[in-house]
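The values are calculated or read from the model by the stated rules, or taken from the named source; none is laboratory data. Because the structure is predicted, anything quoted here is derived from the model rather than measured. Here Cβ is always computed from backbone atoms with ideal geometry, including for glycine, and neighbour counts include all displayed protein chains. With ligands, DNA and RNA removed, areas are computed over all heavy atoms of the protein, side chains included. Shrake-Rupley method; radii C 1.70, N 1.55, O 1.52, S 1.80 Å.
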Amino acid sequence: MRIRSAEVLVASPSRNFVTLRLTTEDGIVGLGDATLNGRELAVASYLRDHVAPLLIGRDAHRIEDTWQFLYRSAYWRRGPVTMSAIAAVDMALWDIKGKLTGLPVYQLLGGASRTGALVYAHASGADLDDLADSVHARIEEGYKAIRLQVAIPGMGGGYGISSGRASGGRYTYEPAKRAGLHVEEGWDSSRYLRYLPTMFEWARAEFGPEVMLLHDAHHRLTPVQAARLAKDLEPYDLFWLEDITPVENQESLRLVRQHSTTPLAIGEVLNSVWDFRTLVQEQLIDYVRASVTHSGGITHLKRIFEFAGQYQIRSGSHGPTDISPVGMAAALHLDLAIHNFGIQEHMAHDRLTDEVFRTGFSWHDGAMHPGDAPGLGVEYDDDAAARFPYEPAYLPTARLVDGTVHDW
Ligand code: EZ4
Ligand code: CO
């Protein structure tokens, strides 16, 4: 079963997505997500100019061999651009294998280990009243787990605050801005550290003990600040505290561990199993945040999760809107199949995105299922996509009060 064509599709139905479409000689189509927020065209070029020519004529059945070939023969290893490109090829080949066998991908991965993947949604607010509205909307939609982000008084914002309802009435948070290349946000760790525990105290009083609550610090604290926050949040029983320090200095988490039992989640900016060695072997985290789209696809993310599973660390796949519905489907198939599943992030896509990507996802009791169509179960509508050409969009920069560039 040879690959006949490899097309790179770029569209912007409310935000940019890069999709790889492989077609076999028999006309079987496989889709893969290659979206890298704010750097989309680098991956599109990597695929179009360097990978597509290598794929034509290859046996579409050989998923592992193709993965190793693309990884090892490039010589230049790892990194988000390379690993997103390999991920797209990997997803598309799993999609094809599913269609050839007539099975949904989770069946090929060993079958379902659970009835659905517990998902968490985002809620945010400009203040506590606004946040309460956002949380109630999520609870009404059926979510059992919710990430809370709130603007910090006196700081004029904070990470993860929605700017309102997008098309279709959904509250969305879209960090990449089309408006300009130089969107800047202020940051003040002292105000944040003082305010956040009072927000969670309020949230537990307001929403009770049952709802699972999460928070993302988005890489902004020093080790000792991170230890203090994790300790201060202990009484509020978080499901996890995410990206509490920049991920490059993994040893800094030892300090956080010594001072707190708040569960930690890290890894959305990492992209290979080797990046997780210290975090996993020293048991410095409780959840692995890698994404199927940026970490070499289903084949490699499964390897990362199995490595983590040896240390009782569970999965927490990254699932913002910058993971396309194709990436989300791939993540859900893996979530269903692996043993050490923890939770799946789910930011509902804008209605315009749903016009381009048709999914068969279903919902039950705060959990999602990718559906039972053969392959990944997602279809791409070229006519709809043609209405939404690529539009440059960039992530913001964070600056401290004195103007210093900080970790966004
Ligand atoms: O800000 O993927 O946990 N989720 C996140 C994301 C990131 C975006 C950046 O493109 O931190 O929403
Ligand atoms: Co995050």
(request) In a Gaussian network model over the chain where Cα atoms closer than 10 Å are linked, find which of Ser162, Ser315, Ser73 has the largest mean-square fluctuation. (result) Ser73
(request) Roll a 1.4 angstrom probe over the protein heavy atoms and tell me the percent of accessible area of the stretch 117-373 that is carbon or sulfur. (result) 48
(request) Please name whichever of Ser189, Leu41, His406 sits farthest to the positive end of the charge dipole of the chain, dipole taken about the Cα centre and charges placed at Cβ: Lys and Arg +1, Asp and Glu -1. (result) Leu41
(request) Mind checking which of Ala265, Gly102, Tyr120 is farthest towards the positive end of the chain's charge dipole, using Cβ charges of +1 (Lys, Arg) and -1 (Asp, Glu) about the Cα centre? (result) Gly102
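Report the extension gain between Arg399 and Phe69 in nm, rounded to one decimal, defined as 0.36 nm multiplied by the number of residues separating them, less their alpha carbon distance. Write out the running numbers ahead of the final one.
Working: separation 330, 0.36 × 330 = 118.80 nm, distance 4.15 nm.
Stretched fully, the Arg399-Phe69 segment lengthens by 114.7 nm.
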(request) Go through Leu214, His300, Gly319 and say which Cα lies farthest out towards the positive end of the charge dipole of the chain; charges sit on Cβ, +1 for Lys and Arg, -1 for Asp and Glu. (result) His300
(message) So if I restrict to the alpha-carbon atoms in the stretch 292-408, what is the Rg, and what is Dmax, the biggest pairwise distance, in Å?
(response) 17.1, 55
(message) List the lysines whose Cα sits under 24 Å from the Cα of Lys302, skipping any in the same chain fewer than 8 residues away.
(response) Lys97, Lys99
(message) Given Cβ point charges of +1 (Lys, Arg) and -1 (Asp, Glu) and nothing else, what value in debye, to the nearest 20, does the dipole of the chain about its Cα centre take?
(response) 900
(request) Set the Förster radius R0 to 22 Å, insert the Cβ-Cβ distance between Gln258 and Tyr311 as r into 1/(1 + (r/R0)^6), and round the FRET efficiency to 0.05. (result) 0.75
(message) On a straight-distance basis, which lysines could pair with Lys177 in a cross-link, Cα separation under 30 angstrom, same-chain partners fewer than 8 positions away excluded?
(response) Lys144
(request) Quick one: among Asp335, Asp354, Asp95, which has the greatest mean-square fluctuation in a GNM of the chain with alpha-carbon springs under 10 angstrom? (result) Asp354
(message) Working only with C-alpha atoms, what are the Rg and Dmax values of the stretch 97-234, expressed in angstrom?
(response) 18.5, 58
(request) When you have a sec, figure out the Kirkwood radius of the stretch 1-133 from all distinct Cα pair distances and drop it here in Å to one decimal? (result) 16.5
(request) For Arg2 and Asp129, compute 0.36 nm times the residue count separating them, minus their Cα-Cα distance, and round to one decimal in nm. (result) 40.0 nm
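When only C-alpha pairs under 8 Å and at least 6 residues apart count, what is the relative contact order of the stretch 207-256, in percent? Walk me through the numbers on the way to the answer.
Working: 58 pairs, mean separation 25.3, N = 50.
That works out to 51 percent.
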(request) With springs only between Cα atoms under 10 Å apart, run a GNM on the chain and tell me which of Asp90, Asp26, Asp365 wobbles the most. (result) Asp26
(message) How big is the dipole moment of the stretch 161-309 about its Cα centre under a simple scheme where the beta carbon of each Lys and Arg is +1, that of each Asp and Glu is -1, and everything else is neutral? Debye, nearest 20, please.
(response) 220
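For the chain, what is Rg from Cα atoms divided by 2.2 N^0.38 Å, rounded to two decimals? Please report the intermediate quantities before stating the final value.
Working: Rg = 20.5 Å, N = 408, 2.2 N^0.38 = 21.6 Å.
Against the compact-globule rule of thumb, the ratio is 0.95.
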(request) Which order do the peptides 140-151, 46-57 take when ranked by the mean count of other beta-carbon atoms within 10 Å per residue, highest first? (result) 140-151, 46-57
